[in-house]
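Okay, structure first, notes after.
The values are calculated or read from the model by the stated rules, or taken from the named source; none is laboratory data. As the structure is a computational prediction, the values presented were derived from the model and not from experiment. All Cβ positions, glycine included, derive from the backbone under ideal geometry; neighbour counts span all protein chains shown. Heavy atoms of the whole protein, side chains included, go into the accessibility calculation; ligands, DNA and RNA do not. Shrake-Rupley method; radii C 1.70, N 1.55, O 1.52, S 1.80 Å.
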Amino acid sequence: MSTNEYTEKVMDHFSNPRNVGEIADANGVGEVGNAKCGDIMKIYLKVEDNVIKDVKFKTFGCGAAIATSSMVTELVMGKSLDEALEITNQAVAEALGGLPPVKMHCSNLAADAMHEAIKDYMSKQNK
Amino acid sequence: MKRIYFDHAATTPTDKTIANTMLEYMTTKFGNPSSVHSFGREVRKEVSEARENIAALINANANEIFFTSGGSESDNFALKGIAFANKNKGNHIITTQIEHHAILHTCQWLEKQGFEVTYLPVDEDGMISLDELKAAITDKTILISIMFANNEVGTIEPIKEIGAIAKEHGIYFHTDAVQAVANVEIDVQDMNIDLLSLSGHKFYGPKGIGAIYIRRGVKIQAVQLGGAQERNMRAGTENVPAIVGLGMSAVIAKRDFVEKNAHLVALRDKLIKGIQEQIPDIKLNGHPTKRLPGNVNFSFRYIEGESLLLSLDMKGIAASSGSACTSGSLDPSHVLLAMGLIHEIAHGSLRISLGRDNTEEDIAYTLEVLPQIIARLRSMSPLCAENSLGVTAKECKTCYKK
């Protein structure tokens, strides 16, 4: 809850987030959360040949929400969709050196947003 | 990096003169005021003097002041002490939705003991309605407890008018004045206040000490039992160093009242104006004029409070927020919600509470840094791009906060 429970890595991703923004010609977009709860994460994907060529995010939320969003984009960049689908919220938190317990369930949804974006991409391919 | 402290509603630094004096009362003048010998006598006199100084700050008599461990204990004492001492007369208490948790949680506990509590709503400025107060009064009402000024948004309630209504109906009136003492003129006679809570560390005194004013003749029972200290009203050896410190902070508050508050109001209004001029899509929370001299509270749309606090902290600015992440619960501030703010706006609130050591330079630096931080966080926010909060109507499928 208190800020000093954030790891250095969390603070690094919060203050210098990677891959912020939108992708104009994204072919997969995923969004989770709700502003009422205080967290919304939106992930944009550019997929080519089943590989994530580009990924960007936009997040409304606390420090952990922004850091996990940033981290998930770093983890999936250049990965195949199968590899990306194996990345869990827990893995994102671990990559950040852990999150305060109170943040684990409310602000650790970045992998879910990324999975939603992949699902969106897949559903478009099947059409 | 220079650090700027903007969280005086949370706590203030203890005045250095006070802290130095307190040390003496731990090391050389360490006696127990209940003792007969000279060690006891020399501190007994100091405790009396502190009591007089506290009384003078709110125009009470010294024998109406009882020392406690702070605001929360005073609030508990007032509510429980009045409720149980007057339960033969009635079981109804009136308070507000925007009280501090020391009041709200005590009221909830009293409900479990069979008392009935009315929680008055507030308007969009955080102000109660006197008509709603009058309408809530029944022949079973024994206590009205309404805070003097709100800790989050700074709104000052119509205390004198409430006191008049309570007196007219023969109902006791308690006010949690923890944020108001030293910042607003308080006269318990003129305002018809029967009980009042105050806390030392909110006005440059030490932590762990406070007081409750109980008008002479009020029927109340002690909550903490044991020795005969505080005329049998609050057992436990007196915290002499802190009592001496509290007395000194009352003297300083009275001496510097006009000058200090003029300083705070000038800084406050400059900061409010600067933020309003530089940052779009904001809302000033709290009453525009009837507010504490040091309170600034804004909601910034499209961003979340904890991100904002972390960003400010990285720039050396210490403030607070009513967002869920900082309230320690899953919901944002109950005060902002009671004022009608929707959750997403309440999540993006920032409270800056100024103190006597803040300067014009602090305000200028904040007005330089804050717009950049807001712009950066908004550039990352999916809400901002859509420039609408329409998305929030959507049901939350993934969020665990239900």
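Here are the numbers for the structure shown:
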{"quantity": "Residue count for the stretch B:312-356, restricted to those that are closer than 19 Å to B:SER381 by Cβ, at the interface with chain A (Cβ under 8 Å from one of its Cβ atoms) and modelled with pLDDT of 95 or more", "calculated": "1"}
{"quantity": "Among residues of the stretch B:227-286, those that are under 30 Å from B:MET339 (Cα atoms), out of contact with any helix residue (DSSP H, G or I) (no Cβ under 6 Å at 6 or more places or on another chain) and of a type in the set (Lys, Arg), counted", "calculated": "4"}
{"quantity": "Criterion (part of a strand (DSSP E or B), farther than 15 Å from B:ALA338 by Cβ and not small (Gly, Ala, Ser)) met by exactly one of B:LEU110, B:LEU143", "calculated": "B:LEU143"}
{"quantity": "Selection count, the stretch B:294-311, where residues are within 13 Å of chain A (Cβ to nearest Cβ) and at negative phi", "calculated": "12"}
{"quantity": "Some residue of the stretch B:277-290 being surrounded by fewer than 24 Cβ atoms within 10 Å (Cβ to Cβ), assigned to a helix (DSSP H, G or I) and away from chain A (no Cβ under 12 Å)", "calculated": "yes"}
{"quantity": "Test: residue in the stretch A:38-55 that is open to solvent by 50 Å² or more (accessible area, probe 1.4 Å), at positive phi and in a loop (DSSP other than H, G, I, E, B)", "calculated": "yes"}
{"quantity": "Residue in the stretch B:23-42 that is buried (at least 16 other Cβ atoms within 10 Å of the Cβ) and of a type in the set (A, V, I, L, M, F, W, C) present", "calculated": "no"}
{"quantity": "Test: residue in the stretch A:81-100 that is at negative phi, assigned to a loop (DSSP other than H, G, I, E, B), within 13 Å of another protein chain (Cβ to nearest Cβ) and at pLDDT below 95", "calculated": "yes"}
{"quantity": "Conditions (1) closer than 25 Å to B:LEU309 by Cβ; (2) part of a loop (DSSP other than H, G, I, E, B); (3) among the charged types (D, E, K, R): number failed by A:GLU22", "calculated": "(1)"}
{"quantity": "Residue count, the stretch B:193-224 (criterion: open to solvent by less than 40 Å² (accessible area, probe 1.4 Å) and under 14 Å from B:GLY81 (Cα atoms))", "calculated": "10"}
{"quantity": "Number of positions in the stretch A:15-37 that are within 12 Å of chain B (Cβ to nearest Cβ), surrounded by 24 or more Cβ atoms within 10 Å (Cβ to Cβ) and under 23 Å from A:GLY78 (Cβ atoms)", "calculated": "0"}
{"quantity": "Subset tally (residues that are hydroxyl-bearing (Ser, Thr, Tyr) and under 14 Å from the mean Cα position of the chain (by Cα)) for the stretch B:134-178", "calculated": "3"}
{"quantity": "Residues located in the stretch A:85-113, provided they are over 24 Å from A:ASN34 (Cβ atoms) and either among the β-branched types (Val, Ile, Thr) or under 14 Å from the mean Cα position of the chain (by Cα) (or both)", "calculated": "A:GLU86, A:GLU94, A:ALA95"}
